[in-house]
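One structure, pasted below without further comment.
The values are calculated or read from the model by the stated rules, or taken from the named source; none is laboratory data. Computed from a predicted model, the values in this text were never measured in an experiment. Note: ideal-geometry Cβ built from the backbone for every residue, glycine included; neighbour counts use all protein chains shown. All accessible areas refer to the heavy atoms of the entire protein, side chains included, with ligands and DNA or RNA removed. Shrake-Rupley method; radii C 1.70, N 1.55, O 1.52, S 1.80 Å.
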Amino acid sequence: MKKKRFQVMAAVLMYSMFVTACGSQANQNTDINAAAIETENAGMSSETGSPANKNDTSVISGAADNETIIDPSKLFSDRDLSGEYDAAKCDSITLSDKGCTTDSQNVTIDGSTVTITGEGDYFVSGTLSDGMIIVDVDKSEKVQLVLGGVNITSKSSAAIYVKKADKVFVTLAEGTENTLENGGTFAAIDDNNIDAAIFSKDDLTLNGTGTLIIDSPADHGIVSKNELVVTNGNYKITAASHGMTGKDNIAIADGSFAITAGKDAIQSQNDDDDTLGFVYIAGGNFLLNAGSDGVNAINEINIAGGTITVEQSYEGLEARLINISGGEIDITSSDDGLNATDKRSSATSSEAVLSADAPVEKMSDKSTADKTLDSSSDISADERRKDFQGGRGGFGGGMGDTQSDANIHISGGIVRINAEGDGVDSNGYLTVSGGELYVAGSSGGGDGALDYGIDAVICGGIVVASGQSGMAQNFGSGSTQGTILVNTQQQNAAGSDIVLLDSDGRELVAWTAEKGYNSVVVSCPEIEIGRSYTVKTGDTETEVAMDSLVYGDSFGFGGGRHGGQGGGRPEGAPDFHNDERPEGMQQPPEFGNGERPEGMPEPPATEDGGRPEGMPKPSALEDGGKSEEAVEQ
């Protein structure tokens, strides 16, 4: 890995010096050409794009600039993107159980093991029922393996093993189907811990337009101990552990991916260098079924395009930084949909967290029928994680530990989440400056549709987030776009519509909730101060008068504890006076002259006004030992 290829941008800033991404809308260009991908960093454009009725606030205390460690223009080389080769100039390797053959002087054959020892382009075809290809060249040399219809099973190792090289390109020839399998065990053949059907110690690129099928019943599908780059091709990966891993990073320009993994479907984790360990997706189609996380990175997940369906997961996307500027993302998770948490070794937070490989119930290797993990299978890992985290995030920040380097920023694209934990959970900051976000949060009361540890702001885009009122959070007062939190006394049925209407009855936002809920956050650019709106949740209508840009800032009935933001009781909420009670509430029992409710034990007897055993002696009072009550008497 050549560290000079990456720029570390916007490192740790002090809390009071964070510059909001709401001051400048994201401007992403994800076109892929023969040279590279030119993508402007979100939040760096001079174009604000702010609705005309919003106060243009360029600096908001506590909000994070669209922090990123990724420079997309550095990720893809010309050769990565092209996938081209000249078959007439390629050395030939033909695989066969009866004996492998080659016309290259840079290839050695030892039974069913084929070793490439020199730089060059190699066209590989044929079948091995128990064999492997090894690339072992100088660290300055590049190798291109063109797979032209191969079927390789290695019963106790990798089908393709890159032992040493500057970089290896695995190119899928057009119109071909290629299969690489491990037989169910990994036995040591040298000092490297080979644990994947494709295992590379150095940079690895997958390209071409053909198809690659990988089956790894013992461990991972594809592993690169440096960079893993994919620019095209069709991939079907089944792995007992992680589907695709790149220690330094995974960068995907395009392709089609169906990944079923016992742990993370896509993962990047570098414990040796805190500036690495990220996933960048510019395009492609993804169908992910994971026993743990759909996409996991110790540092950053950056999605600029593509269609991503996380059909089954513990957490959908997890990283320290999650930046979404494009694409269409659908997530089903048994815990959090999006989770920003800092697990780097240098993390300064006092919050302790579990590793990315926290034990979870393993799913069937090939089954994709069950759309949602049984939440009971995750109780142990889930409860231990919450214990480590010191409880749930606070209302507006503050309950439990927080992480100032954790951030979620949605500036574009469409994100849909169905989560049994928090829908969107950031231990630090949450910023929405564009795009669309729809959340069906937990059906239980211990999680929120939105959950953040320090602050959340919205200054663009559309958000509809339904869940339970017990942990409900709205966006914070630094927002420059109107946002409404409404809680209802009753549960609203799954399949009911959430609709926002203006005072003229015009529909501004409409979404159908997938699960029951009694709390909803709605925000869109049309919400303005001084105007009234109607929030319809199933058969219930709540009238809202926007006295400020934030209506309802916490939990509680009808938008909860307003704190001067939205003011008082929403129109239509019951107003009880004196001894009035809601219909159906019983009169409390009356007790007099020392009577106790049935079943309440007799209090312990004491002598001469003494204290029960263990009760501390009251401290002396300054006014001569008399209490205020005694003085008044």
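If we keep just the residues of segment 499-552 that are over 28 Å from the mean Cα position of the chain (by Cα) and among the basic types (K, R), which is farthest from E420 (Cα to Cα)?
R531
Something else about it: How about segment 307-332: which of its residues are closer than 21 Å to Q269 by Cα, in a strand (DSSP E or B) and within 11 Å of the chain's Cα centre (by Cα)?
Within segment 307-332, V310, E315, G316, L317, E318, A319, L321, I322, N323, I324 qualify.
Tell me, which strands (runs of 3 or more DSSP E) wholly within segment 232-306 include 1 or more residues that are closer than 19 Å to H220 by Cα and open to solvent by 10 Å² or more (accessible area, probe 1.4 Å)? Spell out the reasoning first.
Numbers: elements: 234-239, 244-246, 249-252, 256-261, 266-268, 278-281, 285-290, 293-297, 300-303.
It comes to 234-239, 244-246, 256-261, 266-268, 285-290.
Can you tell me which of D97, D121 is within 39 Å of the chain's Cα centre (by Cα), surrounded by fewer than 21 Cβ atoms within 10 Å (Cβ to Cβ) and not in a helix (DSSP H, G or I)? Explain how you work it out, then say what you get.
Details: D97 fails: within 39 Å of the chain's Cα centre (by Cα).
After ruling out the rest, the residue left standing is D121.
If you don't mind, another one. Only one of T115, T127 is in contact with a Leu (Cβ under 8 Å, 6 or more places away or on another chain), closer than 29 Å to S241 by Cα, at pLDDT 95 or above and surrounded by fewer than 23 Cβ atoms within 10 Å (Cβ to Cβ); which?
Numbers: T115 fails: in contact with a Leu (Cβ under 8 Å, 6 or more places away or on another chain).
Residue meeting the stated conditions: T127.
Could I ask something else about it? Looking only at segment 418-436, count how many residues are in a strand (DSSP E or B) and under 13 Å from the mean Cα position of the chain (by Cα). Write out each step before concluding.
Going through segment 418-436, the residues in a strand (DSSP E or B) turn out to be 418-419, 424-426, 429-436.
Those still in the list that are under 13 Å from the mean Cα position of the chain (by Cα) too: 418-419, 424-426, 430.
Residues meeting the conditions: 6.
Residue by residue through segment 177-200, note down the ones that are among the aliphatic types (A, V, I, L, M) and open to solvent by less than 20 Å² (accessible area, probe 1.4 Å).
Result: L180, I194, A196, A197, I198.
Follow-up question, since we're still on this one. Contact list please: Cβ distance under 6 Å, first residue in segment 509-524 and in a strand (DSSP E or B) and at pLDDT 95 or above, second residue acidic (D, E) and open to solvent by 20 Å² or more (accessible area, probe 1.4 Å), pairs at least six apart or on different chains.
Listed by first residue and then by second, the contacts come to T512/D497.
What residue, of G470, G505, G478, is open to solvent by 10 Å² or more (accessible area, probe 1.4 Å), assigned to a loop (DSSP other than H, G, I, E, B), farther than 16 Å from I331 by Cα and touching a residue at least 40 places away in the same chain (Cβ under 8 Å)?
Answer to the check: G478.
Would segment 443-455 turn up any residue that is surrounded by fewer than 24 Cβ atoms within 10 Å (Cβ to Cβ), modelled with pLDDT of 95 or more and farther than 11 Å from V521 by Cα?
So far as segment 443-455 goes, no, none of its residues is surrounded by fewer than 24 Cβ atoms within 10 Å (Cβ to Cβ), modelled with pLDDT of 95 or more and farther than 11 Å from V521 by Cα.
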